[in-house]
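Structure, as C-alpha cells:
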Amino acid sequence: MTSVTRVSRMSGRGLSRLVTAAVAVALVGGTAGVAAAQGSGAQAAAAKKPSASAPVFPVGAFAENDNFYVYEVDGKGGLKPREARGPWKNVRELAQVDRDADGRHDGDYFISENGRDLKFQALTGRDTNLVPNYGYFYHGLIAPGDLGGGKETDLVALGKGGRANVRFNKFNGGLVKEIQLRGAEWGTYTELAGRGDYTGDGKTDIVAHDRDGVLWLYKGTGSTTKPFAARTKVGGGWNKYNHLFSNGDTDGDGRSDLLARDGKGALWLYKGTGKAAAPFKAPVKIGNSGWNQYRVVS
C-alpha cells in the first residue's frame, strides 16, 4: 500500500487539491534549466481546453536516486521549472493516464523495479497489482489514450519475439481485453510513444521508433480487434534521440505533440499538426541540457 502523499507527487490535478505548497527548484548543475518557447500572454490565454484527443499532462521524471520531479506545461510550448515531489521508489517504467476522457491526469500505471509487476494507482494513493512479472515479458510501456472506443486509457508495450501487447482497461485498472500485435516490424522498434490524436480524426494514435532511426505512425482505428491501421513513415534521422515521449498538448493549440531527448540531454518539442501526411512540425528546443540525469521520463 502507498500513502496519499505519494500520489500528490504524481498528479498535477491531484496536487492542487492535496498539497498546499510545492518546491520549485532549478535543475541540478545550473545548465539544465527549462527554456520555454517564446509566446505572448495572449497565446497563453487562448490555450485550448484539454481533451481526450489533446490532453494536457505534466512531465514526470525520476532521477537516479529515485527522487521524483514534475514539470507543468506553460501553455506556450514550454515547461515551467521543475517541482520536487520527494522520493518514489520501486518504479521501473511509468505511464500516466486519463481515465475519464477529460484530458487530465488522474492515475498511473507502472512497472515495479522489484518483481517487474504491472501496477495501477489512482488518486487514492493505493497500488493495485495487476499482472505479476509483466516487466519480464514486456517493456516500453505507454498509455496513449482510449484505443477501443471507450473512455478509459489503454496500454501498449513491446514484447519479446516481435510482438506488442495491447491491454484494454477498466476505470479501476482491471482488464477488459488483451490482444497481441504480431509482425516482423514490431521486433524492430526501440520504443513507442504517443498521447492522444496526431491525425485529426479524434482517434488515439502512436508512433514507433525503429533501430535504423525511422519514425513510423500508427493511426488508431477505435477497434479492439485491430486498434491500428497499417503504419506510415514519418521520416528518418531519429536516432539522435535516446528517448521519445508525449505529455499531450504542450503549446495549448488543441493538438497533441511529441517530445524528444537527444544524446546531449537537450529536450525538443515537435508540435503536432493534426495531419497524417506530416504529423509534426520542425523541432523546437525547449530544454537546453540536463535531461539525461533522469532514468525515467514520462
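Among the residues of the stretch 179-190, are any closer than 30 Å to residue 71 by Cβ and open to solvent by less than 10 Å² (accessible area, probe 1.4 Å)?
no
Kindly indicate whether any position in the stretch 240-257 is surrounded by fewer than 19 Cβ atoms within 10 Å (Cβ to Cβ) and over 19 Å from the mean Cα position of the chain (by Cα).
Yes, some residue in the stretch 240-257 is surrounded by fewer than 19 Cβ atoms within 10 Å (Cβ to Cβ) and over 19 Å from the mean Cα position of the chain (by Cα).
Please verify whether residue 59 is in contact with a helix residue (DSSP H, G or I) (Cβ under 8 Å, 6 or more places away or on another chain) and surrounded by 19 or more Cβ atoms within 10 Å (Cβ to Cβ), treating the condition exactly as stated.
no
So residue 38 clears everything in (1) under 21 Å from residue 271 (Cα atoms); (2) at pLDDT 95 or above except one condition, right? Which one?
Just one mismatch for residue 38, condition (2).
Quick check on this structure: which one of 141, 130 is part of a strand (DSSP E or B) and within 15 Å of the chain's Cα centre (by Cα)?
141
All but one of (1) within 23 Å of residue 150 (Cβ to Cβ); (2) open to solvent by less than 30 Å² (accessible area, probe 1.4 Å); (3) in a strand (DSSP E or B) hold for residue 54; which doesn't?
(3)
For the stretch 258-290, name all the residues that are outside any strand (DSSP E or B) and closer than 17 Å to residue 233 by Cα.
Correct list: 273, 274, 275, 276, 277, 278, 279, 281, 282.
Residues to consider are 200, 161, 213, 149; find the one that is over 18 Å from the mean Cα position of the chain (by Cα), open to solvent by 10 Å² or more (accessible area, probe 1.4 Å) and free of Cβ contacts under 8 Å to residues at least 40 places away in the same chain.
Result: 161 is the single residue among 200, 161, 213, 149 that is over 18 Å from the mean Cα position of the chain (by Cα), open to solvent by 10 Å² or more (accessible area, probe 1.4 Å) and free of Cβ contacts under 8 Å to residues at least 40 places away in the same chain.
The values are calculated or read from the model by the stated rules, or taken from the named source; none is laboratory data. It should be emphasised that the depicted structure is a prediction, and the values quoted were computed from it without experimental measurement. We place every Cβ from the backbone using ideal geometry, glycine too, and count neighbours over all the protein chains shown. Calculation scope for accessible area: heavy atoms of the full protein, side chains included, ligands and nucleic acids excluded. Shrake-Rupley method; radii C 1.70, N 1.55, O 1.52, S 1.80 Å.
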